[in-house]
Amino acid sequence: VMRDHDGVAVEDFRPKFLAKTTMARKAADAAVAATKRALVEMGRKHARDVRLVHPAHTTMDCATCGARTKHALPLSMRTYACTACGAVCPRDKNSARVMLVRAGWNPDGAEGVRPPEPPAQVAA
């Protein structure tokens, strides 16, 4: 991931509400923390920008106009439709674009990876 992108925006996720027992909560916290730490270290190693984004309402905000839906979308609803500007896109893609905006980046052109480098010149 780090080699293919100049910057990565990641939710600063804290999974306390997902686990029912103290042991499970501690394990989930440790796993998420280790993953975030590894991403930041790999970003530093490859000289990439890694930004942690607050996770609140990333699936409820519109990446195009910034409007927020009045209710949380159920997980079964896979398409996000903004009632303010009429934008329609897959729910995960909208959430990713919201994270890019919150990280301070322009999500236009963020669809693919960095452009391929020109082929190396081969001596004949």
Given the protein chains as shown and a 1.4 Å probe, how many square angstrom of T83 are accessible, to the nearest 10?
-> 140
Just grab the label-to-label distance for A30 and T69, each label 7 Å out from Cα along the Cβ direction, in nm (one decimal).
-> 3.6
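Keeping all protein chains in place and using 1.4 angstrom, which order do M60, M42 fall into by accessible surface area, from largest down? Write down the numbers at each step before the final one.
Working: M60 30, M42 80 Å².
Result, largest first: M42, M60.
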Amide hydrogen neighbours beyond the local backbone of V53, cut-off 5 Å, H modeled | V10, E11, D12
For region 15-84, with all protein chains present and a 1.4 Å probe, just round the carbon and sulfur fraction of the accessible area to a whole percent.
-> 61
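At 0.36 nm per residue, and after removing the present C-alpha to C-alpha distance, how many nm does the segment from D4 to A84 gain when stretched out fully?
Numbers: separation 80, 0.36 × 80 = 28.80 nm, distance 3.43 nm.
25.4 nm is the gain from fully extending D4 to A84.
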Integer Hz, Karplus 6.51/-1.76/1.60 couplings in order for region 21-31, x for Gly and Pro | 10, 4, 5, 5, 5, 5, 5, 5, 4, 5, 5
Simple spin-label estimate for V40/K20, 7 Å along Cα→Cβ, in nm, reads 3.3
Probe 1.4 Å, all protein chains in place: accessible area of S95 in Å², nearest 10?
-> 10
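The values are calculated or read from the model by the stated rules, or taken from the named source; none is laboratory data. It should be emphasised that the depicted structure is a prediction, and the values quoted were computed from it without experimental measurement. Virtual Cβ from ideal backbone geometry, glycine too; neighbours counted across all protein chains shown. Heads up: the accessible areas ignore ligands, DNA and RNA and are worked out on the full protein's heavy atoms, side chains in. Shrake-Rupley method; radii C 1.70, N 1.55, O 1.52, S 1.80 Å.
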